[in-house]
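The values are calculated or read from the model by the stated rules, or taken from the named source; none is laboratory data. What you see is a predicted model, and the numbers here were worked out from it, not measured in a lab. As a convention, Cβ positions derive from the backbone with ideal geometry for all residues, glycine included, and neighbour counts pool all protein chains shown.
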Amino acid sequence: MKKILNLFKKNKTLITLALPIFLELFFQFLIGVIDSIQISFDQDAVSAINQTNAVINVINLVFAVLGTASIILITQFKGIKDEKNVNKIYCLSFYFNLIVGIIISFILVFGAKTIFNLMGVEERYIDKAVIYMQINGCFSFVIALTTVFSSFLRSNKLMIQSTIVTGIMNIMNVGGNALALFVFNSGIQGVAISSVISRIVGLIVIVIMYIHYIHSSLSIKNIFPFPGKLFATLLKIGLPSAGENLSYNLSQLVIIMILNYHFILSQSIDVNIRGYIANFTSIVYMFSNAIAQSAQVIIGPKIAKNEIDDTFHIVKDTIKMSGIITVLCSLIFIAISYPLLNSLLNIKDPELKSQAMNIVLIVCAIDILLEFGRSGNIPYVRCLQTVGDIYTPVFFAIICCWSVAVLGSYILSAFCNLGVIGVWISCALDENIRNIIFTFRWNSKKWTKFNLIKNIN
């Protein structure tokens, strides 16, 4: 216990930065989950929202392409006090996300039904899913811009300010959902509108914070003549990073398709169980994600100044703290998940309800192993990207994700009739195999040969 306390005391700055990031991630997560919980009396609507959110999660990764890259490069350029390139990154990221956000808005509005048909969504869900998708999709550019401004704040260690924005968004979303469902009786349409309004307000607030705290001009004049090398480096970091995340989220869509086509319980209970548990367990690994992002901000300036030993040990401490907290959170999750899911799964048939809750218990137990593997994966991936070892995480993530998680889910769910249990077993194996691989990669120090900013100017 003393060693653990000393570990956290030694890395006080890391924890201080991680806590507001955790809260921000939690608030972001709540926007989608609150919609599902507040409308849980309509299980068809829940399924529609869960499957829509799976698509939106994939789309959000596109918006994170330059957001992720900008954090890495901004922290490194700030480490060597190069404000000129920092300002260029602000502009490049802003205009890239604006253009991409508008394009995706059109795709989601006009292609919603086609997307759901390709996913194998049941006919009874499609109409509600399309409504929810089209309303949220119409304003995808809002999410795109909020994502990039949030990256700007975090790269300047303004984590608390970014958290305030997501907090405001959630308060408005909860209130808006309540009005939509219980005052105006507008169902899933009202829930979608509430989400959109909360995101628009969030964007307005975060822009105000950017102007107040960073006050760097976003004039398009700042990127002329066009900084080709800088933009290429942003894409070099961002595209593989997004590719790794995209691969994972696409695999989750495929797994949903597998359950849609091969569910073992009636009424697509497996799909709903997967959606609920995935939402709850995402809280568990949020701290791993938060501490990984804070580690990025800390090691960015250090790697720019070639402080290799400090970088190495900070990341190792990050992994240890991530693992400790994840195990504790997993145990807490198991203790509270059963009564929560028992109330949220609106199943009238007592026998079917009993079957579903037995599955929940088994999945929760397996999830401890899954989350432990993920507690190492997330920090290792982000830190390897920060030091310039961009392609290693992508390569192994894609290979393991599709050969272990997806293929395993197909075999265990469809052929062994394990349903969502088979999914969790496969995903747990995937996460732990990758954790082992990335541990060896970091300890090898082969990443020391990379330098992201050396040849930009």
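Of the residues making up the range 316-333, not a single one is buried (at least 21 other Cβ atoms within 10 Å of the Cβ) and either over 22 Å from the mean Cα position of the chain (by Cα) or modelled with pLDDT under 70 (or both). When you look at Gly388, is it surrounded by 15 or more Cβ atoms within 10 Å (Cβ to Cβ), out of contact with any Pro (no Cβ under 7 Å at 6 or more places or on another chain) and in a helix (DSSP H, G or I), yes or no? It is false that Gly388 is surrounded by 15 or more Cβ atoms within 10 Å (Cβ to Cβ), out of contact with any Pro (no Cβ under 7 Å at 6 or more places or on another chain) and in a helix (DSSP H, G or I).
If the condition is being among the aliphatic types (A, V, I, L, M) and assigned to a helix (DSSP H, G or I), then the range 64-80 contributes Ala64, Val65, Leu66, Ala69, Ile71, Ile72, Leu73, Ile74. Among the residues of the range 413-435, those that are over 21 Å from Arg374 (Cα atoms), in contact with a helix residue (DSSP H, G or I) (Cβ under 7 Å, 6 or more places away or on another chain) and part of a helix (DSSP H, G or I) comprise Ser413, Ala414, Gly419. Please indicate, with yes or no, whether at least one residue in the range 106-116 is modelled with pLDDT of 80 or more, more than 20 Å from the chain's Cα centre (by Cα) and within 27 Å of His215 (Cα to Cα). No, that holds for no residue.
With respect to Asn173, determine if the residue is within 30 Å of Ala290 (Cα to Cα), crowded, with 21+ Cβ neighbours inside 10 Å and not basic (Lys, Arg). Yes. The conditions of being within 21 Å of the chain's Cα centre (by Cα) and at pLDDT 90 or above are met by Thr146. Restricting attention to the range 161-189 and to residues that are hydroxyl-bearing (Ser, Thr, Tyr) and in contact (Cβ under 8 Å) with a residue 60 or more places away in the chain, the residue that is nearest to Val207 (Cα to Cα) turns out to be Ser162. Against the test of being in a helix (DSSP H, G or I) and modelled with pLDDT under 90, the options Leu61, Leu92 yield a single qualifying residue, Leu61. Within the range 22-52, if we keep just the residues that are out of contact with any Phe, Trp or Tyr (no Cβ under 9 Å at 6 or more places or on another chain) and at pLDDT 75 or above, the residue that is nearest to Asn177 (Cα to Cα) turns out to be Phe27. Of the candidates Tyr125, Tyr95, the single residue that is crowded, with 22+ Cβ neighbours inside 10 Å and farther than 20 Å from Glu24 by Cβ is Tyr125.
In the range 178-197 there is at least one residue that is crowded, with 20+ Cβ neighbours inside 10 Å, modelled with pLDDT of 80 or more, within 23 Å of Asn50 (Cβ to Cβ) and of a type in the set (Ser, Thr, Tyr).
The criterion of being part of a helix (DSSP H, G or I) and surrounded by fewer than 19 Cβ atoms within 10 Å (Cβ to Cβ) holds for Ile103.
Exactly one residue among Gly111, Gly137, Gly120 is within 30 Å of Ile258 (Cβ to Cβ), touching a residue at least 12 places away in the same chain (Cβ under 8 Å), surrounded by fewer than 18 Cβ atoms within 10 Å (Cβ to Cβ) and small (Gly, Ala, Ser), and that residue is Gly120. Can you name every residue in the range 304-315 that is assigned to a helix (DSSP H, G or I) and at pLDDT below 90? The one that is assigned to a helix (DSSP H, G or I) and at pLDDT below 90: Ala304.
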